[in-house]
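Visitor: Below is the structure I would like to discuss, written out as structure tokens.
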Amino acid sequence: QVSGFLMLNRVPGNFHIEAKSKNHNLNSAMTNLTHIVNHLSFGDPMDRQSRRTKRILKQVPEEHRQFAPMDGSSYFTKDFHQAYHHYIKVVSTHLNMGKSRSNQLMTYQFLEQSQIVYYETNNVPEARFSYDLSPMSVVVEKEGRKWYDYLTSLCAIIGGTFTTLGLIDAILYKVLKPKKL
């Protein structure tokens, strides 16, 4: 099991996981790089248990919650001489769920794509994680409705109701009015 963290500059790069040992002779023909990603994230670790973070994340729409899409994913290789290469696009994300500083959070989201790469028999396969930082940023904001929005909506409802009732009244009058002989 491999765990830890890397301090990286904000430039594109990659990191590799490869079976290698100074004390043992590894047979590259027998290397299997099946792996499970328990957690992978970028930026400062988010304390998901804090009340502030829970409150902010609860307000974020589901389609904007790509903070750690690889968590819990398994990558199985069936044959020898193959390994997964993961291509990751990292996007900085600003969550503004209110005007106060306590309702704001800066984090990173990422999208990933993985594919199997085949190696020659004399090369040792490696799991490669290539990442690229997007020059753009996503800003998710929650804005409340203003009082005049409510007033406009109320007037629209009242006007629509008045018009609909007027149409129903006119139809009923035409249908049910007594005929003159």
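Visitor: Take the residues in region 85-133 that are of a type in the set (Ser, Thr, Tyr), more than 30 Å from Asn25 (Cα to Cα) and outside any strand (DSSP E or B), then tell me which one is nearest to the chain's Cα centre (by Cα).
Guide: Top of the filtered list is Ser102.
Visitor: Moving on to the next point. Mind listing just one residue for me: the one in region 1-58 that is in a strand (DSSP E or B), of a type in the set (Val, Ile, Thr) and open to solvent by less than 80 Å² (accessible area, probe 1.4 Å) and, of those, modelled with the lowest pLDDT? Walk me through how you get there before you give the answer.
Guide: Going through region 1-58, the residues in a strand (DSSP E or B) turn out to be 13-18, 35-37.
If we keep only those that are of a type in the set (Val, Ile, Thr) too, we end up with 17, 36-37.
Within this subset, residues satisfying the condition of being open to solvent by less than 80 Å² (accessible area, probe 1.4 Å) are 17, 37.
Values: Ile17: 85, Val37: 88.
My answer is Ile17.
Visitor: Still on this structure, please answer the following. For region 55-77, what are the residues that are of a type in the set (D, E, K, R) and within 18 Å of Val124 (Cβ to Cβ)?
Guide: Taking region 55-77 and keeping what is of a type in the set (D, E, K, R), we get 55, 58, 62-63, 65, 71.
Residues satisfying the conditions do not exist here.
Visitor: Starting from region 53-79, take each residue that is at positive phi and list its partners that are among the polar types (S, T, N, Q) and open to solvent by 50 Å² or more (accessible area, probe 1.4 Å), counting only C-beta distances under 9 angstrom and pairs at least six apart or across chains.
Guide: Here the result reads Gly72/Asn38, each pair linking region 53-79 to a residue that is among the polar types (S, T, N, Q) and open to solvent by 50 Å² or more (accessible area, probe 1.4 Å).
Visitor: Check Thr31 against each of (1) touching a residue at least 60 places away in the same chain (Cβ under 8 Å); (2) within 21 Å of Glu141 (Cβ to Cβ); (3) hydroxyl-bearing (Ser, Thr, Tyr) and name the one condition it does not meet.
Guide: Checking Thr31 against (1) touching a residue at least 60 places away in the same chain (Cβ under 8 Å); (2) within 21 Å of Glu141 (Cβ to Cβ); (3) hydroxyl-bearing (Ser, Thr, Tyr), the one that fails is (2).
Visitor: Also: Right, Val139: open to solvent by 40 Å² or more (accessible area, probe 1.4 Å), among the β-branched types (Val, Ile, Thr), touching a residue at least 24 places away in the same chain (Cβ under 8 Å) and under 30 Å from Glu63 (Cβ atoms) or not?
Guide: Details: open to solvent by 40 Å² or more (accessible area, probe 1.4 Å): yes; among the β-branched types (Val, Ile, Thr): yes; touching a residue at least 24 places away in the same chain (Cβ under 8 Å): yes; under 30 Å from Glu63 (Cβ atoms): yes.
For Val139, the condition - open to solvent by 40 Å² or more (accessible area, probe 1.4 Å), among the β-branched types (Val, Ile, Thr), touching a residue at least 24 places away in the same chain (Cβ under 8 Å) and under 30 Å from Glu63 (Cβ atoms) - is met.
The values are calculated or read from the model by the stated rules, or taken from the named source; none is laboratory data. In this text the structure is predicted, and so the values were computed from the model without any measurement. Reconstructed Cβ throughout: ideal geometry from the backbone, glycine too, with neighbour counts over all protein chains shown. Ligands, DNA and RNA are excluded from the accessible area calculation, which covers all protein heavy atoms including side chains. Shrake-Rupley method; radii C 1.70, N 1.55, O 1.52, S 1.80 Å.
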